[in-house]
Amino acid sequence: MTANPVNQISTAESDTNDRPGPPLWLLAELTYRCPLHCAFCYNPIGFDQVKNEIDTDTWLKVLREARKLGSVQCGFSGGEPMLRDDLEVLVAEARQLGFYTNLLTSGVGLNEKRARGLKDAGLDHIQLSFQDSTRELNDFLSNTKTFGLKQKVAALIKDHDWPMVMNCVIHRLNIDVIDKIIDLALELGAETLELANTQYYSWAMLNRDQLLPSKKQIERAEKITAEYRERYSDRIRILFVVPDYYENRPKRCMNGWGNVFLTITPDGTALPCHTAKMLPELTFPNAKDQSIESIWYDSEAFNHFRGKSWMKEPCRSCPEQDDDLGGCRCQAYMMTGDPYAADPVCSKSPERHHVDQAIARATQLPAPNPQEHKLVFRDPKASGKLSEGRDGAAILLKR
Amino acid sequence: MASETIDKTGIVKISNGYRLQFEEAQDTWVLLYPEGMIKLNQSAAEILRRCDGERNIESVIELLEKDFEQTGLENDVVGFLSVALEQNWILIASA
Ligand code: SF4
Ligand code: SF4
């Protein structure tokens, strides 16, 4: 699936002090299996430890219970969701329950037959991810030969009359050819293009020194994007998501912990965010043994960082605490070792230097050369080695 | 697109990829689209519900005036539909 599937949430907020609203957004991560090996993959480092995928009936139960609570957007993601051969069954049920159904795919496995099946099931939308626009760089970045296939898939999406949304993860190795990426999106007839800067979790965190672009690169890319936006405003909508390292306030992560967003991972574990499993001391409930309602409203894990009562200084007395709710718990934990700390992106955080050092390192490195990279690609072997057998392993960068 | 004047004889429908739906849990009509949702207020919902791909804008206005026993809704409806068009929520096909 590649990108952070929640960049775009534009759902309503609920008051963080009252009983939370329903999980409007349900992300169904159907599998961690994936034929690609993206160096910026969002899946946990220990993804290969998760072997016991939940079955069709359990997924159907998840869909029904979440919809009953009021979930309305459903994303089918992974890994590569096309690898589940019950995808059509799940989409059909979701659509019939009244979900708006989104498929987030790299396009591998999406042939004419399955496209027709998904159309019949009522699938509303496919987001197709592209790693880059030039064959060489694309193959390098995803480490497999997939580019020609994506062109075919883009055509299938058009033929079946789905809205054509393309997503491309942006980083240091492709940001300088952003014009080519936009050209390609235009050529393929994309109506929306999300240029999502890499967010540094999991595999991307491992590879951060090589993926984080410099400020100059970002500014140039933003300028080019703005020019395209103006010139092609009637043909394409282009979103550019800036990496938060270059901001001085954190993002309101997931629009608040346990506020609108619910992820169910391949083994049924329920998370308030697809990276939250890395956090220490929390035990996340499983949809196999608990209802979505009790997971969402009653479980310790979903209440733990909900609202603001967990905060410590500088967040606790900060006048801006409602704007960002202290930022991302995973980012705080990865960089400071403390999941209760302010997101170190914040300039009020006493640990902001971790972010500044990362920027300095990335900016000092020589121009990246795809042939001599030191990227760690996401694959089962690396997963086993890095996670030491724990599926919730975190990459801690506290130095 | 924003400055286009609306052709009242045009047939109006919800755009491809958008879906209008009543949400019980939120007790409100919403417009759903790829990875997003817009909560509609009551008048927006009543207008959009009548944009069924068969009626033109004139008859949408007529129907609203009849159903709500009011007159003079034209400006409000056209105003809202211009915004909706600008946001790509609807398509207007010239008759
Ligand atoms: S390897 Fe790439 S395509 Fe596969 S799940 Fe990870 S980011 Fe998505
Ligand atoms: S101190 Fe905490 S609450 Fe205040 S702006 Fe920074 S992260 Fe947000």
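The values are calculated or read from the model by the stated rules, or taken from the named source; none is laboratory data. As the structure is a prediction and not an experimental result, all values here were calculated from the model. Here the Cβ positions follow ideal geometry from the backbone for every residue, glycine too, while neighbour counts run over all protein chains shown. Ligands, DNA and RNA are stripped out before the accessible areas are found, and what is left, the full protein with its side chains, is counted by its heavy atoms. Shrake-Rupley method; radii C 1.70, N 1.55, O 1.52, S 1.80 Å.
Read through the list (1) more than 12 Å from chain B (Cβ to nearest Cβ); (2) crowded, with 22+ Cβ neighbours inside 10 Å; (3) free of Cβ contacts under 8 Å to residues at least 60 places away in the same chain, then give the number of the only condition that A:D55 fails. The number of the failed condition is (2).
B:K66 meets the stated requirement of being over 29 Å from A:F99 (Cβ atoms) and either open to solvent by 60 Å² or more (accessible area, probe 1.4 Å) or within 14 Å of another protein chain (Cβ to nearest Cβ) (or both).
Does A:R95 count as under 23 Å from A:V50 (Cα atoms) and either touching a strand residue (DSSP E or B) at 6+ places or on another chain (Cβ under 7 Å) or within 16 Å of ligand 1 (Cβ to nearest atom) (or both)? When the stated conditions are applied, A:R95 does not pass them. Out of (1) of a type in the set (A, V, I, L, M); (2) within 27 Å of A:S294 (Cα to Cα); (3) open to solvent by less than 20 Å² (accessible area, probe 1.4 Å), the odd one out for A:A39 is which? In the conditions (1) of a type in the set (A, V, I, L, M); (2) within 27 Å of A:S294 (Cα to Cα); (3) open to solvent by less than 20 Å² (accessible area, probe 1.4 Å), A:A39 misses (2) alone.
Among the residues of the range A:324-366, just one is under 20 Å from A:C273 (Cβ atoms) and free of Cβ contacts under 8 Å to residues at least 12 places away in the same chain, namely A:D338. When the range A:298-329 is filtered for residues that are more than 10 Å from ligand 2 (Cβ to nearest atom) and surrounded by fewer than 16 Cβ atoms within 10 Å (Cβ to Cβ), the ones remaining, listed by number, are A:D298, A:E300, A:S309.
Restricting the search to the range A:165-183, which residues are without any contact (Cβ under 8 Å) to a residue 40 or more places away in the chain and of a type in the set (D, E)? Correct list: empty. Tell me, please, whether a residue that is over 29 Å from A:E247 (Cβ atoms) and open to solvent by 30 Å² or more (accessible area, probe 1.4 Å) can be found in the range A:373-380. Within the range A:373-380 (the criterion being over 29 Å from A:E247 (Cβ atoms) and open to solvent by 30 Å² or more (accessible area, probe 1.4 Å)), the answer is yes, since at least one residue qualifies.
When the range A:151-204 is examined, which residues are found to be among the charged types (D, E, K, R), in contact with a strand residue (DSSP E or B) (Cβ under 9 Å, 6 or more places away or on another chain) and farther than 20 Å from A:G109 by Cβ? Result: A:E191, A:E194. Taken over the range B:31-52, the residue count meeting the criterion of being at pLDDT below 95 and more than 12 Å from the chain's Cα centre (by Cα) is 7. Taking first residues from the range A:238-250 that are farther than 17 Å from A:S214 by Cβ and within 11 Å of ligand 2 (Cβ to nearest atom) and partners that are open to solvent by less than 40 Å² (accessible area, probe 1.4 Å) and in a helix (DSSP H, G or I), the Cβ contacts under 8 Å between residues at least 6 apart in sequence or on separate chains come to A:R249/A:D324; A:P250/A:D244; A:P250/A:D324; A:P250/A:Q331. Consider the range A:65-95 and keep the residues that are away from chain B (no Cβ under 13 Å) and more than 11 Å from A:L30 (Cβ to Cβ). The one that is surrounded by the fewest Cβ atoms within 10 Å (Cβ to Cβ) is A:V89.
Taken over the range A:278-297, the residue count meeting the criterion of being closer than 20 Å to A:D55 by Cβ, surrounded by 14 or more Cβ atoms within 10 Å (Cβ to Cβ) and charged (D, E, K, R) is 1.
For A:E281, the test of being farther than 22 Å from A:W25 by Cα and assigned to a helix (DSSP H, G or I) is failed. Within the range A:312-323, residues that are over 16 Å from A:G256 (Cβ atoms) reach partners that are within 8 Å of ligand 2 (Cβ to nearest atom) and of a type in the set (K, R) with beta carbons closer than 7 Å, at six or more positions or on different chains, in the pairs A:P314/A:K348. Of the residues making up the range A:161-174, just one is within 11 Å of another protein chain (Cβ to nearest Cβ) and open to solvent by 20 Å² or more (accessible area, probe 1.4 Å), namely A:D161.
Of all the numbered requirements in (1) at pLDDT below 90; (2) more than 13 Å from ligand 1 (Cβ to nearest atom), A:V89 misses one, and that requirement is (1). Per the conditions (1) at pLDDT below 80; (2) away from chain B (no Cβ under 14 Å); (3) buried (at least 21 other Cβ atoms within 10 Å of the Cβ), the sole criterion not satisfied by A:D18 is (3).
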